[in-house]
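Contents: one structure, followed by commentary.
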Amino acid sequence: MAIGAVEHWLGKIERMMTQSLFDKTKNAFNIYPENGIYRDEWLFHTAAQPILTIDMVMWTKGVEAAIYEMMKGKNANALKEYDAFSTLQLQQMIKLVRSPLKPL
């Protein structure tokens, strides 16, 4: 039973929801696979929103690293290489989606 002003207990629920998403997203980041290619277990480990968020963070990190390498003259093909890596990631996800999945 909710006791007290609705604004207070709804505010507490909102704060708890925000904290839960933060915790799930931080955990998804911490357990991101080192190689970044074989992410089957990781993709199903937690809720979709934290997975999408961390996937975007890791993609941005990879693109920034590639651009940095190109700007410093270390690797003129860094973006092409990262594109190939991203394509491989997508191909692995396509294999996963095409495989028999559980209804849940």
Self-check item: W9, W42 arranged by Cβ crowding within 10 Å, fewest neighbours leading
Solution: W9, W42
Self-check item: FRET efficiency, 1/(1 + (r/R0)^6) with R0 30 Å, evaluated for F29 and E7 via beta carbons
Solution: 0.35
Quiz item: Can you pull out the GluC sites (Glu not before Pro) in the stretch 11-73 that DSSP calls coil and that have at most 16 other Cβ atoms within 10 Å?
Solution: E34
Self-check item: Proxy reagent accessibility, fewest Cβ within 10 Å first, across H8, H45
Solution: H8, H45
Practice problem: For an R0 of 41 angstrom, estimate the FRET efficiency from the Cβ-Cβ distance between S86 and E14 and round to the nearest 0.05. | Solution: 0.70
Quiz prompt | Positive-end extreme of charge dipole, the stretch 13-97 - chosen from A76, N35, T53 (charges on Cβ) | solution = A76
Quiz prompt | Given charges at beta-carbon only (K, R positive; D, E negative), |dipole| of the chain in Debye | solution = 100
Quiz item: If the limit is 24 Å between Cα atoms, which of K61/K102; K24/K61; K24/K102 go over it?
Solution: K61/K102
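Each value in this text was obtained by applying a stated rule to the coordinates, not by laboratory testing. On a predicted model such as this, the values are computed, not experimentally measured, just so you know. Here the Cβ is made from the backbone with ideal geometry for all residues, glycine too, and neighbour counts use every protein chain on show.
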